[in-house]
Amino acid sequence: MVVRRKVDEQLEDLQGKKAQSILGGGQRRIDAQHKRGKMTARERIDLLMDEGSFEELDAFVLHRATEFGLADQKYMGDAVVTGYGKVNGRITFVFSQDFTVFGGSLSEAVAQKICKVMDLAANSGAPMVGLIDSGGARIQEGILSLAGYADIFLRNVRSSGVIPQISVILGPAAGGATYSPALTDFIFMVKGTGQMYITGPDVIKSVTGEEVTHEALGGADAHAKKSGVAHFAHENEIECIEQVRRLLSFLPQNNMEDAPRALSQDDPERRDPELLHVVPDSPNMPYDMLEVIARIVDDGDFMQVHETFAQNVIVGFARLDGRPVGIVGQQPQFMAGVLDIDASSKAARFVRFCDAFNIPLVTFVDVPGFMPGTNQEYGGIIRHGAKLIYAYAEATVPKVSVLTRKAYGGAYIVMSSKGLRGDINLAWPTGEIAVMGAEGAVNIVQRGEIAESPQPEALRSRLIQEYQDQFMNPYVAASHGLIDDVIDPAETRPKIIRALEMLENKRETLPYKKHGSIPL
Ligand code: HXC
């Protein structure tokens with residue numbers, strides 16, 4: 001007669017197996033991981049999830065490779081820890097690559113584990129967070145590993161615009177392994193340890209002769225400042241994962257939900273007379289739009305996205321009377337807030353994310369125009385600028401804008417204008433909407449008159465002054481209904497909050513289509 005083992009023996013066996021899986025690639029490799037200044041896959045999950053909420057899946061999965069002596073090298077769970085838990089009390093899915101097992105490389109089994117949680121996240125409408133620390137495709141598994149990446153990419157794309165997807169780069173992400181993060185909505189990186197590149201320094205040296213370090217090539221600064229691939233760069237893993245939690249607090253669980261409204265202690269009727277003094281008298285003097293934003297949003301709490309990339313435009317999340325909003329604004333302190341290629345792409349992507357996830361847009365406008373020059377033209381400013389027009393025109397979420405100073409030319413149209421279905425367009429008395437600045441306009445239109453004058457400079461100054469008095473104010477636009485109201489800057493916060501409250505049930509649809517053809 002076959003006798004089953006006693007339950008307590010079975011439990012002991014189970015605990016032994018779990019303890020083994022917790023050790024990943026073994027204590028020696030865990031120590032090496034710590035020595036590199038990195039946490040283990042499980043330590044990271046503990047930081048991300050609310051305490052005690054994590055439920056692991058597939059801890060017993062083993063890789064199936066037999067080549068290169070791998071039949072004898074199996075680790076419980078293989079090179080990734082997957083499951084779900086809660087972040088700020090809301091269900092969130094996670095996969096966390098375990099560098100202590102074959103350098104976190106992607107085997108067929110690892111890919112299947114990741115795909116399983118990605119499917120669960122998509123089907124249950126909850127965010128997906130990938131904690132990346134991986135040497136890429138599992139070299140010993142070859143094509144099965146590559147096929148695994150394809151399965152992941154497909155899911156990234158299918159989930160795009162359905163659930164928020166966040167990637168956190170905490171170690172290497174090399175080769176094709178960069179493309180799953182690149183397909184997600186936000187990329188966080190840790191300085192000094194997180195590195196992303198298509199080909200590493202050795203390959204670059206052999207192909208082009210160029211010498212570059214891992215960090216200079218694909219470190220957090222490279223991607224958060226130069227390429228714009230990363231949206232956030234942090235000093236260490238603790239700070240980085242804390243900020244992932246903060247970002248999630250602004251986002252809905254999926255595209256069918258509104259973003260979670262928080263209880264605000266900040267008075268929605270709060271006036272701020274200091275806002276009267278922010279905009280300098282001279283139209284070309286810089287000021288800090290971040291200060292304007294901080295004075296208006298709840299408790300001055302603004303989470304800037306892409307803080308160090310294309311700083312001439314500001315994008316990020318805040319709350320107004322507890323409602324999460326996406327904020328877009330020019331930064332007059334940086335290149336006068338001009339719209340160049342990078343700023344246009346940065347803002348367009350952000351606007352589309354907010355629109356996909358029902359997050360209202362609040363736009364602060366002070367834009368001198370699109371950036372002129374051969375650099376920009378050859379780089380395709382027409383194509384990239386068109387992305388931002390497309391994004392604002394397509395967005396059906398509530399769109400509220402505040403014109404603080406200038407809105408010239410095509411850049412006026414782009415920035416949430418009435419013509420692109422801006423719902424409520426407010427202006428400060430300092431606002432100016434025109435085809436171009438007074439000086440440029442007079443020099444073109446009244447060039448002949450000035451040339452024939454016995455005192456051309458005096459005439460030029462007078463004409464500029466006349467043009468300024470007549471056109472450089474918000475009332476011409478307001479007289480045509482292109483500005484809904486000219487407001488006292490001190491009242492900007494209550495005015496936006498009332499507009500958002502009015503627009504809370506906004507319903508607007510686009511004509512049926514498979515999808516548009518945004519100029520990419
Ligand atoms: C299997 C790997 C591995 C991999 C690392 N390891 N990468 N095992 N497949 N891809 C193992 C190492 O053998 C080692 O095992 C352990 O992980 C730690 O690696 P180290 O090299 O000791 O660590 P470190 O010095 O920190 O260097 C990390 C690294 C380096 C920069 C990631 O390991 C590396 O360059 N790996 C190869 C990267 C790569 O070229 N991958 C393929 C990219 S192409 P032991 O037993 O010693 O602990 C690709 C195609 C995807 O990914 C295409 C998708 C479309």
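Among the residues examined, Val168 does not qualify as assigned to a helix (DSSP H, G or I), away from the ligand (no atom under 16 Å from the Cβ) and in contact with a Phe, Trp or Tyr (Cβ under 6 Å, 6 or more places away or on another chain).
Only residues that are assigned to a helix (DSSP H, G or I), near the ligand (Cβ under 10 Å from one of its atoms) and open to solvent by 20 Å² or more (accessible area, probe 1.4 Å) were counted in the range 176-201, giving 2.
Being open to solvent by less than 40 Å² (accessible area, probe 1.4 Å), outside any strand (DSSP E or B) and closer than 30 Å to Arg349 by Cβ is true of Gly385.
To keep it simple, each residue is scored yes or no on (1) within 16 Å of the ligand (Cβ to nearest atom); (2) open to solvent by 50 Å² or more (accessible area, probe 1.4 Å); (3) among the charged types (D, E, K, R).
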site: Ile143; (1), (2), (3): yes, yes, no
site: Gly148; (1), (2), (3): yes, no, no
site: Gly161; (1), (2), (3): no, no, no
site: Val212; (1), (2), (3): yes, no, no
site: Gly228; (1), (2), (3): no, no, no
site: Arg245; (1), (2), (3): no, no, yes
site: Gln253; (1), (2), (3): no, no, no
site: Asp258; (1), (2), (3): no, yes, yes
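Of all residues assigned to the range 434-444, at least one qualifies as being more than 28 Å from Val278 (Cα to Cα) and open to solvent by 10 Å² or more (accessible area, probe 1.4 Å). Within the range 189-216, residues that are free of Cβ contacts under 8 Å to residues at least 12 places away in the same chain and more than 20 Å from Lys38 (Cβ to Cβ) reach partners that are part of a loop (DSSP other than H, G, I, E, B) and more than 10 Å from the ligand (Cβ to nearest atom) with beta carbons closer than 7 Å, at six or more positions or on different chains, in the pairs Lys205/Glu211.
Name the residues in the range 66-80 that are at pLDDT 90 or above and either touching a Leu at 6+ places or on another chain (Cβ under 9 Å) or surrounded by 14 or more Cβ atoms within 10 Å (Cβ to Cβ) (or both), would you? The answer is Lys74, Tyr75, Met76, Gly77, Asp78, Ala79, Val80. When the residues of the range 150-159 are filtered to those that are open to solvent by 20 Å² or more (accessible area, probe 1.4 Å) and more than 9 Å from the ligand (Cβ to nearest atom), the one that is nearest to Gln112 (Cα to Cα) is Asp151.
Residues in the range 3-22 that are within 21 Å of Glu55 (Cβ to Cβ) and either more than 41 Å from the chain's Cα centre (by Cα) or free of Cβ contacts under 8 Å to residues at least 24 places away in the same chain (or both): Gln10, Leu11, Asp13, Leu14, Gln15, Gly16, Ala19, Ile22. When Phe54, Phe95 are screened for being within 30 Å of Ser249 (Cβ to Cβ), touching a Gly at 6+ places or on another chain (Cβ under 7 Å), open to solvent by 50 Å² or more (accessible area, probe 1.4 Å) and of a type in the set (A, V, I, L, M, F, W, C), only Phe54 passes. Would a scan of the range 265-282 turn up a residue that is closer than 23 Å to Cys354 by Cβ and modelled with pLDDT of 95 or more? For the range 265-282, residues closer than 23 Å to Cys354 by Cβ and modelled with pLDDT of 95 or more: present.
Quick one: would you say Tyr475 is open to solvent by 30 Å² or more (accessible area, probe 1.4 Å), among the aromatic types (Phe, Trp, Tyr) and touching a helix residue (DSSP H, G or I) at 6+ places or on another chain (Cβ under 7 Å)? No, not satisfied.
The number of residues in the range 29-51 that are within 16 Å of the ligand (Cβ to nearest atom) and without any contact (Cβ under 8 Å) to a residue 40 or more places away in the chain comes to 3.
Somewhere in the range 407-418, is a residue among the small types (Gly, Ala, Ser) and under 18 Å from Ile293 (Cβ atoms)?
We begin by selecting, within the range 407-418, every residue among the small types (Gly, Ala, Ser); these are 407, 409-411, 416-417.
With under 18 Å from Ile293 (Cβ atoms) added as a condition, the list becomes 407, 416.
Yes, the range 407-418 contains at least one residue that is among the small types (Gly, Ala, Ser) and under 18 Å from Ile293 (Cβ atoms).
Are there any helices (runs of 4 or more DSSP H) wholly within the range 411-520 with 1 or more residues that are touching a residue at least 40 places away in the same chain (Cβ under 8 Å) and of a type in the set (Ser, Thr, Tyr), and if so which?
On the way: elements: 438-445, 447-452, 456-471, 475-479, 492-502.
So the answer is 492-502.
Residue check: Ser206 meets all listed conditions (1) small (Gly, Ala, Ser); (2) open to solvent by 70 Å² or more (accessible area, probe 1.4 Å); (3) not in a helix (DSSP H, G or I) but one, namely (3).
Residues considered: Gly26, Gly89. Of these, the only one that is at positive phi, within 16 Å of the ligand (Cβ to nearest atom) and either open to solvent by 40 Å² or more (accessible area, probe 1.4 Å) or in contact (Cβ under 8 Å) with a residue 40 or more places away in the chain (or both) is Gly26. Scan the range 292-329 for residues that are open to solvent by less than 10 Å² (accessible area, probe 1.4 Å), closer than 17 Å to Val367 by Cβ and free of Cβ contacts under 8 Å to residues at least 60 places away in the same chain and jot them down. Selection gives Asn312, Val313, Ile314, Val315, Ile327, Gly329. For the range 214-226, the tally of residues that are within 15 Å of the ligand (Cβ to nearest atom) and either touching a strand residue (DSSP E or B) at 6+ places or on another chain (Cβ under 6 Å) or open to solvent by less than 30 Å² (accessible area, probe 1.4 Å) (or both) stands at 4. Among the residues of the range 52-63, is there at least one that is among the hydrophobic types (A, V, I, L, M, F, W, C) and either within 16 Å of the ligand (Cβ to nearest atom) or in contact with a Pro (Cβ under 8 Å, 6 or more places away or on another chain) (or both)? Checking the range 52-63: at least one residue is among the hydrophobic types (A, V, I, L, M, F, W, C) and either within 16 Å of the ligand (Cβ to nearest atom) or in contact with a Pro (Cβ under 8 Å, 6 or more places away or on another chain) (or both). Listed conditions (1) surrounded by 13 or more Cβ atoms within 10 Å (Cβ to Cβ); (2) modelled with pLDDT of 95 or more are all met by Gly481, apart from (1). Counting the residues of the range 126-141 that are more than 10 Å from the ligand (Cβ to nearest atom) and either within 30 Å of Arg36 (Cβ to Cβ) or modelled with pLDDT under 95 (or both) gives 6. Pairs linking a residue in the range 98-125 that is within 8 Å of the ligand (Cβ to nearest atom) to a residue that is open to solvent by 40 Å² or more (accessible area, probe 1.4 Å) and assigned to a helix (DSSP H, G or I), with Cβ atoms under 6 Å and 6 or more positions apart or on different chains, are Thr100/Arg29.
The values are calculated or read from the model by the stated rules, or taken from the named source; none is laboratory data. Computed from a prediction, not measured in an experiment: that's the story for all the values here. Backbone-built Cβ (ideal geometry, glycine too); neighbour counts: all protein chains shown. With ligands, DNA and RNA removed, areas are computed over all heavy atoms of the protein, side chains included. Shrake-Rupley method; radii C 1.70, N 1.55, O 1.52, S 1.80 Å.
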